[in-house]
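A.B. asks: Below are the structure tokens for one structure; questions will follow.
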Amino acid sequence: MACALYRMKSSREILEKTGISRATLNNYIKIGILSKPILKQPQPEEGDAKMMGYFPEEAISRIEEVQRLKREGLTMAEVVARIGFAQSGREQVAAYHSPSVTHSPAVASPQSQEVPADNRRALRLTLEDVHYPAYMVNYNFELTWYNDEARTRVLSGLEALPAQSEARNLFLLLFQAAAGESGHFGSELLRVHLALAKSRLAKSSVLGLLRDLDRDGLTLAEQLFDETAAASEGKPIVDFSVDLIDADGHPESWRVFASFFREGIFVVYVPAQQYNATLLDFLSQRDAVIRDLMRKRLPVLTPLAVMVADLQNSVKICSELPPEEYFELINQIWTTMGPIFRKYYGTYGKHVGDGMVYYFFPQPDSDYIFNSLACAQELKSEIRKISKEWQLRKNWLNELYLNTGLHEGQEWLGTFQTATSVEFAVLGDTINHASRLSEFARFGTIWATKNLLSKLAHQKRAAVDFGIARKGEDGQEHFVASSYSQVNAMVDLSCERYEKLRDIAMLPITEVRSVRHVA
């Protein structure tokens, strides 16, 4: 009788009754709004497909609730937080056969908890309400934020976050914290974070992050890496069960939840017996969580490369185009650039003044200096294509040029907060010098400092065509490859036009003409 009452709906029925597309259905499964379907052979009247997916009958009402909430203007993150995660179809079938079954926390529906669904929004957590150990790391696994519970319970009384980014390596901090504990304690935590790292990085990159461990620690880490399955970055939240040691030396069962963001990974520890759905509701509010974390991000002294780029004659172009076409052009440029910056791990930055600013930070699996050069070169190529497109469209002679300056250094990275957003900001001369180089550049050239090129390994520097155009005795310009020049040797700094360049007068720079990709 229970099976008859619990009628499953085929994916075909779901699509027909709700009007959603198959792609939307798959997306709802991916983000946890719907459970994964049970696959079985369809009935003869359901078509001739070999296999078909079947969902619990409540799937239709859940989709209709999603559609209603979206009409009210809620984001998908807010929708997930409102309705919670779906139970799997198999668990719901089991529930009908055994009404007394208590579901495990990993799959329990928020509606099955003590907190009524209508009240969950009012009881929603904030970052300050998380009284469990919690912290965030970037994809170099450098600690960027932690709460006091994490400091005392996981990081063994870490007094303060080191200023240098390399000293914030979470693996090293965990090994230091475990020095006075049992080997099991260190292994458990290391296994969790190796699973998180393995979802994004190759083994060589992960071991590179561990290079400062002693021989025994490195051997243990390599063994655990080989034994550990990668966490699924495709899921909004992943979780692990671990045993940690309490103050009396006894093992305690904990759950470790990790949520992936573009900016890094947020990790929170919860005693297994204290798990509740409100925490998952909080973690599912991805926009709100990352905004809070970015506001609380602690400043760090980090190596970086800075790119400042400016559209030449933007005022003239704006005056010549109707407003709608000018905004169309600017939006086209930004739409084209976005994927390129993401490809090379560029981070949008806040800077007082004109021009776009992007930061390139050390990456465990690529060279951040080379990333900045390759990104600038690819942007230059794409701007040329957009320029030709608009020349044909408008029948004008204007050329679109993106003038680019690149510099590297070690600076303090923090966040700049407004009422509606949180943006990265860098203090120091690195960004100012890159900005001056952008002003120096003309007609789409890319100028970089000697410091930046010198940081490249020989093989990668050989892939960059750079140098200085110098006038010979015949009055003709000759390009001298692999050379540099001080700014004051190329322009007359007494001229009012070059007044802004006086603070980089002695800076050795070079023109980057092309960048070849290397394996």
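The values are calculated or read from the model by the stated rules, or taken from the named source; none is laboratory data. These numbers come from a predicted model, not from an experiment. As a convention, Cβ positions derive from the backbone with ideal geometry for all residues, glycine included, and neighbour counts pool all protein chains shown. Please note that ligands, DNA and RNA were not included when accessible areas were found on the heavy atoms of the full protein model with its side chains. Shrake-Rupley method; radii C 1.70, N 1.55, O 1.52, S 1.80 Å.
A.B. asks: Pairs, please: C-beta under 7 Å, at least 6 apart or cross-chain, first residue closer than 15 Å to Val137 by Cα and in segment 158-169, second open to solvent by 50 Å² or more (accessible area, probe 1.4 Å) and of a type outside the set (Asp, Glu)?
C.D. replies: Short answer, once both residue conditions are applied: Leu161/Leu298.
A.B. asks: Show the residue pairs meeting these rules: Cβ distance below 9 Å; 6+ apart or different chains; first residue within segment 186-211 and farther than 22 Å from Arg255 by Cβ and touching a residue at least 60 places away in the same chain (Cβ under 8 Å); second residue among the polar types (S, T, N, Q) and open to solvent by 10 Å² or more (accessible area, probe 1.4 Å).
C.D. replies: These pairs meet every condition: Ser205/Gln363; Ser205/Ser366; Leu209/Asn140; Leu209/Asn169.
One line per residue, one yes/no per condition, for (1) of a type outside the set (Ser, Thr, Tyr); (2) more than 26 Å from the chain's Cα centre (by Cα):
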| site | (1), (2) |
| --- | --- |
| Lys394 | yes, yes |
| Leu397 | yes, yes |
| Thr404 | no, no |
| Trp412 | yes, no |
| Ile431 | yes, no |
| Ala434 | yes, no |
| Ser454 | no, yes |
| Ala489 | yes, yes |
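A.B. asks: Could we say that Ile468 is out of contact with any Cys (no Cβ under 9 Å at 6 or more places or on another chain), aliphatic (A, V, I, L, M) and part of a helix (DSSP H, G or I) here? I'd like the intermediate steps shown before the answer.
C.D. replies: Numbers: out of contact with any Cys (no Cβ under 9 Å at 6 or more places or on another chain): yes; aliphatic (A, V, I, L, M): yes; part of a helix (DSSP H, G or I): no.
So Ile468 does not fit the description; no.
A.B. asks: Taking helices (runs of 4 or more DSSP H) that fall entirely within segment 311-411, which contain at least 3 residues that are hydroxyl-bearing (Ser, Thr, Tyr)? Step through it out loud before you land on a result.
C.D. replies: On the way: elements: 314-320, 323-343, 368-394.
Once the helices (runs of 4 or more DSSP H) in segment 311-411 are filtered for at least 3 residues that are hydroxyl-bearing (Ser, Thr, Tyr), what remains is 323-343, 368-394.
A.B. asks: Name the single residue, out of those in segment 437-450 being touching a Ser or Thr at 6+ places or on another chain (Cβ under 9 Å) and not hydroxyl-bearing (Ser, Thr, Tyr), that is surrounded by the fewest Cβ atoms within 10 Å (Cβ to Cβ).
C.D. replies: Let us first name the residues in segment 437-450 that are touching a Ser or Thr at 6+ places or on another chain (Cβ under 9 Å), namely 437-438, 441, 444-450.
From what is left, the residues that are not hydroxyl-bearing (Ser, Thr, Tyr) are 437, 441, 444, 446-448, 450.
Values: Leu437: 27, Ala441: 23, Gly444: 19, Ile446: 27, Trp447: 24, Ala448: 27, Lys450: 17.
The selected residue is Lys450.
A.B. asks: Would you point out which residue out of Ala434, Ala425 is under 18 Å from Thr302 (Cβ atoms), modelled with pLDDT of 90 or more and buried (at least 16 other Cβ atoms within 10 Å of the Cβ)? Before you say what the answer is, go through the steps one by one.
C.D. replies: On the way: Ala425 fails: modelled with pLDDT of 90 or more.
None of the other options fit; the residue is Ala434.
A.B. asks: Looking at this structure, is Phe327 out of contact with any Leu (no Cβ under 7 Å at 6 or more places or on another chain), at pLDDT 90 or above and of a type in the set (Phe, Trp, Tyr)?
C.D. replies: On the way: out of contact with any Leu (no Cβ under 7 Å at 6 or more places or on another chain): yes; at pLDDT 90 or above: yes; of a type in the set (Phe, Trp, Tyr): yes.
Against the criterion (out of contact with any Leu (no Cβ under 7 Å at 6 or more places or on another chain), at pLDDT 90 or above and of a type in the set (Phe, Trp, Tyr)), Phe327 qualifies.
A.B. asks: What number of residues within segment 352-372 are modelled with pLDDT under 90 and either surrounded by fewer than 20 Cβ atoms within 10 Å (Cβ to Cβ) or within 14 Å of the chain's Cα centre (by Cα) (or both)?
C.D. replies: The number of residues fulfilling the criteria is 9.
A.B. asks: On to the next question. For segment 322-380, which residues satisfy the criterion of being among the small types (Gly, Ala, Ser) and in contact with a Ser or Thr (Cβ under 8 Å, 6 or more places away or on another chain)?
C.D. replies: Restricting attention to segment 322-380, the residues satisfying the condition of being among the small types (Gly, Ala, Ser) are 338, 346, 349, 353, 355, 366, 372, 374, 376.
Matches in segment 322-380: Gly346, Gly353, Gly355, Ala376.
A.B. asks: Output the residues belonging to segment 459-468 that are loosely packed, with under 14 Cβ neighbours inside 10 Å and either free of Cβ contacts under 8 Å to residues at least 24 places away in the same chain or not polar (S, T, N, Q) (or both). Step through it out loud before you land on a result.
C.D. replies: Applying the first criterion (loosely packed, with under 14 Cβ neighbours inside 10 Å) to segment 459-468 yields 459, 462.
Hit for segment 459-468 is Ala462, nothing else.
A.B. asks: Quick one: in segment 68-79, of everything that is of a type outside the set (A, V, I, L, M) and surrounded by 14 or more Cβ atoms within 10 Å (Cβ to Cβ), which residue is modelled with the highest pLDDT? Walk me through how you get there before you give the answer.
C.D. replies: Going residue by residue through segment 68-79, those that are of a type outside the set (A, V, I, L, M) are 68, 70-73, 75, 78.
From what is left, the residues that are surrounded by 14 or more Cβ atoms within 10 Å (Cβ to Cβ) are 75, 78.
Working: Thr75: 67, Glu78: 63.
If we take residues in segment 68-79 being of a type outside the set (A, V, I, L, M) and surrounded by 14 or more Cβ atoms within 10 Å (Cβ to Cβ), then Thr75 is modelled with the highest pLDDT.
A.B. asks: Here is a further query. For segment 316-333, which positions are closer than 17 Å to Gly444 by Cβ and exposed (fewer than 13 other Cβ atoms within 10 Å of the Cβ)?
C.D. replies: Listed by number, the list holds a single entry, Lys316.
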